[in-house]
1. Show the residue pairs that are 6+ apart or on different chains and have beta-carbon atoms under 7 Å apart, the first residue being within segment 14-26 and free of Cβ contacts under 8 Å to residues at least 24 places away in the same chain, the second being of a type in the set (G, A, S).
2. Taking the residues in segment 1-60 that are among the basic types (K, R) and surrounded by 13 or more Cβ atoms within 10 Å (Cβ to Cβ) as candidates, determine which candidate is farthest from L106 (Cα to Cα).
3. I'm trying to understand the selection: among the residues of segment 27-42, which are out of contact with any Leu (no Cβ under 7 Å at 6 or more places or on another chain) and either without any contact (Cβ under 8 Å) to a residue 12 or more places away in the chain or closer than 17 Å to V60 by Cα (or both)?
4. Examine segment 103-114 for a residue that is over 28 Å from A54 (Cα atoms), aromatic (F, W, Y), part of a strand (DSSP E or B) and out of contact with any Pro (no Cβ under 6 Å at 6 or more places or on another chain), and state whether such a residue exists.
5. If you check every pair at least six apart or on different chains, which have Cβ atoms under 7 Å apart with a residue in segment 116-132 that is among the small types (G, A, S) first and a residue that is surrounded by 12 or more Cβ atoms within 10 Å (Cβ to Cβ) second?
6. Considering only residues that are surrounded by 15 or more Cβ atoms within 10 Å (Cβ to Cβ), more than 11 Å from R116 (Cβ to Cβ) and among the aliphatic types (A, V, I, L, M), look in segment 74-87 and name the one that is farthest from the chain's Cα centre (by Cα).
7. Would a scan of segment 119-135 turn up a residue that is among the polar types (S, T, N, Q) and within 15 Å of the chain's Cα centre (by Cα)?
8. If the requirement is being in contact with a Pro (Cβ under 6 Å, 6 or more places away or on another chain), small (G, A, S) and modelled with pLDDT of 95 or more, which of these qualifies: A79, A18?
Amino acid sequence: MGHGDIDAVLWLFDAVAAERLWIGTEPGYDRQKYRDMLGFSLSNGNGMFVADQAGAIVGVVTEYRHDPYGHTIGMLVEADHRGKGVGAALLEQLIGWARERGIPHLSLLVFPHNERALALYRKFDFVEIDAQAAQIARRSGEAWDAILMRKTLA
């Protein structure tokens, strides 16, 4: 992935955020902040992989440092490409990348209602570390629960 792909990744963020179901990001997010974070990640060698089909980015997984959780991942896949192995392929790439760098573990947050993602993460040996009540604030005023999962690599 290169800096020129950032706009395509932001389009994917827009599409998945508009669903208001699977990721913490919702419409109206600060696009420039996300653009800067993606550019920073690329420039600093963080793990970032995309899946493309016919030249369109249909999935992305990123690794970033999160103070409480350590090496943390975020992943999203375009709606029409879910359940077709895109997420699994992205996880395989990122896990291999992390192992090559001696990263001891990867963490992630997932919503309890995201059963497809939970099944995928469990398939890749992520285990539930903590159930966090009312963790993610929503624009509706709700606060959704989240599950912290971790995969040990070392």
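1. T25/A17
2. Residues of segment 1-60 that are among the basic types (K, R), as a first pass: 20, 31, 33, 35.
Next, only the ones that are surrounded by 13 or more Cβ atoms within 10 Å (Cβ to Cβ) stay: 20, 35.
Working: R20: 25, R35: 23 Å.
Among those that are among the basic types (K, R) and surrounded by 13 or more Cβ atoms within 10 Å (Cβ to Cβ), it is R20.
3. The initial filter retains those residues of segment 27-42 that are out of contact with any Leu (no Cβ under 7 Å at 6 or more places or on another chain), namely 27-30, 32-33, 36-42.
Scanning segment 27-42 gives D30, Q32, K33, D36, M37, L38, G39, F40, S41, L42.
4. Start the filter on segment 103-114 by keeping residues that are over 28 Å from A54 (Cα atoms), which leaves 103-113.
This time we only want the ones that are aromatic (F, W, Y), so: 111.
Narrowing the set further to residues that are part of a strand (DSSP E or B) leaves none.
Checking segment 103-114: not a single residue is over 28 Å from A54 (Cα atoms), aromatic (F, W, Y), part of a strand (DSSP E or B) and out of contact with any Pro (no Cβ under 6 Å at 6 or more places or on another chain).
5. Between residues of segment 116-132 that are among the small types (G, A, S) and residues that are surrounded by 12 or more Cβ atoms within 10 Å (Cβ to Cβ), the close pairs are A117/V110; A131/D145; A131/I147.
6. Filtering segment 74-87 down to residues surrounded by 15 or more Cβ atoms within 10 Å (Cβ to Cβ) leaves 74-78, 81-82, 86-87.
If we keep only those that are more than 11 Å from R116 (Cβ to Cβ) as well, we get 74-76, 78, 81, 86.
Filter again for among the aliphatic types (A, V, I, L, M), leaving 75-76, 86.
Working: M75: 2, L76: 5, V86: 13 Å.
That would be V86.
7. First pass over segment 119-135, keeping only residues among the polar types (S, T, N, Q): 132, 135.
After this cut, where a residue has to be within 15 Å of the chain's Cα centre (by Cα) as well, the list is none.
No, that holds for no residue.
8. Values: A79 fails: in contact with a Pro (Cβ under 6 Å, 6 or more places away or on another chain).
Answer to the check: A18.
The values are calculated or read from the model by the stated rules, or taken from the named source; none is laboratory data. The model shown is predicted, which means the values in this text are computed figures rather than measured ones. Note: ideal-geometry Cβ built from the backbone for every residue, glycine included; neighbour counts use all protein chains shown.
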